[in-house]
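Read-outs: derived from the displayed coordinates by stated rules, not from any lab. The shown structure was predicted, so the numbers you read here are calculated from the model rather than taken from an experiment. Neighbour counts run over all protein chains shown; Cβ positions are idealised from the backbone, glycine included.
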Amino acid sequence: MDVAAKVVSDHPALAWRRAGLMHITGRSDGPPLVSSLPLTAAADGALGALRALASDHALPANGAVLLGERARLANLSRGGRHSANRSCRLLTTRTDWIALNLPRDDDWTLLPALFQRPADDWAAVTDIASQSDAATLIERGRLLGLAIATVQPPPTKSAPFTVRCARPAAPPVAGRRPRIIDLTALWAGPLAGALLAACGAEVIKVESRQRPDGARRGNVGFFDLLNGMKASVALDFHDSSDLALLRGLVASADIVLEASRPRALARLGIDAEAAIASGATWISITGYGRDGSAGDWIAFGDDAAVAGGVAMAMRHAWGEAMFAGDAIADPLTGITAALAGWAGWRQGGGRLISIALSDVVAHAAMLGAAAPIRAWQRMANADDAPAYAMRSSAIASPPLGADTARLACTAA
């Protein structure tokens, strides 16, 4: 039987409810709503392709369930113009709507520079933004390293990733496990690594000792889902011997997953071009792409989804711009990155695949015509099927750096 046929793919309205996404979509004082975009279908399609390429293994039954995992584990709630985790807000300005995401404590210290006056809470942010020019805030915010985006409609044309080949090697030997070096944090990249581990790959998660993955401070069950099947290496990026180990690990990789600004890795002596020239598949996850000034723009799942057209699509459907799902760009990108990485390795490597969160969402948004939203809502409201069974992590994530010494010995 075709393994792709095993993927469960329900109607987008039904999948939205069964994945727990309807519960976190809509105003906090209003009813749960469906999304007008076929985002669950995009997730199902990408996961189905990965399942076919990887000969099934231990992948989940569909992609839609991955979109709602964090919200269900963390018991998040819908907030309308506030993201489900409450770190991102849709704000009106004098000229346009914008999304501002402040998930890090340090982000709040940058607000006086963004607004040119103090702003200590969301009430002040909302008031000051309403008196400001959107383009000025976007430009200034990106220079400051804040995650900020304009609310805009889904594009009419978009690609989920771009590929640049160097010198593809011969296809891998049948039965050999690829080695993945996972340099990512939070959600999109770690999910890609988890899916590749489920495909049978050896995945090594590399973190800074001083600044480990911030998701370690979040829901433990969710972190285990993303990282339980990986080895853990912790390094001091200011130590020459640790940097030598990092370069050795990257040199040994079949697939590299990273979500850093290109210049950040260059400062560590990590050369993507050299890696792909030697036959690796390099997966670069960014908010808006690697090239030009956009390569320095910061993005997280909720604001990137707004940039990809989700909030505007909800406005067209429901009369009000709002968030749909939970940081939906992250899991969509994670599935896409896993598919791109496995496909690149199967084809012999030697390529750099640039995946932008905003582009993945934009591409998913344009996969179907505008939904008959009232009919979709009635369909979801009438559905009494059980929610999708969530994945369970049978393996707890190893302590930070648990495998550093072992892998240092093998690299020596």
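For this structure, a couple of remarks:
- Projected-area average for segment 299-412 over all orientations - Cα convex hull basis, square nanometres: 11.7
- Between residue 144 and residue 370, the simple spin-label model (points 7 angstrom out along Cα→Cβ) gives 3.6 nm.
- Unit charges at the beta carbon, dipole of the chain: most positive-side option, 76, 154, 382: 382
- Computed from point charges on the beta carbon alone (+1 for Lys and Arg, -1 for Asp and Glu), the dipole magnitude for segment 1-143 about its Cα centre is near 260 Debye.
- Taking the alpha carbon gyration tensor of segment 268-345, multiplying each eigenvalue by 5 and rooting it gives semi-axes of 31, 15, 9 Å, largest first.
- Shape box of the chain [Cα atoms, principal axes, largest first, Å]: 59, 56, 37
- When the charge dipole of the chain is built from unit charges on Cβ atoms (+1 for Lys and Arg, -1 for Asp and Glu) and taken about the Cα centre, the candidate among 284, 54, 317 whose Cα reaches farthest toward its positive end is 54.
- DSSP bridge pairs, the chain: antiparallel proportion in percent, nearest 5: 40
- The Cα center of segment 123-169 and the Cα center of segment 193-210 differ in position by 28 Å.
- Spatial offset of segment 242-259 relative to segment 9-24 amounts to 38 Å, using the alpha carbon center of each.
- With Cα atoms as the point set, segment 304-371 shows a radius of gyration and Dmax of 14.4, 48 Å.
- Net length gained if the chain between residue 391 and residue 121 were fully extended (0.36 nm per residue, minus Cα distance): 93.5 nm
- Efficiency of FRET from Cβ geometry, residue 177 and residue 240, R₀ 35 Å, rounded to 0.05: 0.70
- Each peptide among 354-360, 150-156, 58-64 gets the average number of other Cβ atoms lying within 10 Å of its residues, and from highest to lowest they stand as 354-360, 58-64, 150-156.
- A Förster radius of 45 Å, combined with the Cβ-Cβ distance separating residue 29 from residue 402, puts the computed FRET efficiency at roughly 0.50.
- Two-site label geometry, residue 291 and residue 278: point separation in nm, points 7 Å out along Cα→Cβ: 2.7
- Each of the peptides 344-350, 328-334 was scored by the mean count of other Cβ atoms within 10 Å over its residues; in descending order, highest first, they stand as 328-334, 344-350.
- Gain on full stretching of the segment that runs from residue 86 to residue 410 - 0.36 nm per residue minus C-alpha separation: 112.3 nm
- The residue list 410, 199, 35 was ranked by how far each Cα lies along the charge dipole of the chain toward its positive end, using unit charges on Cβ atoms, and 199 comes out on top.
- Principal axis dimensions, largest first and in whole angstrom, of segment 230-308 by Cα: 41, 27, 27
- Semi-axis lengths (Å, descending) of the ellipsoid that matches the C-alpha gyration tensor of segment 271-313: 28, 11, 7
- For residue 184, nonlocal amide neighbours, meaning residues 5 or more places apart or on other chains whose placed amide H falls under 5 Å from its own, are 206.
- Placing unit charges on the Cβ atoms only, positive for Lys and Arg and negative for Asp and Glu, gives segment 60-146 a dipole magnitude near 300 debye about its Cα centre.
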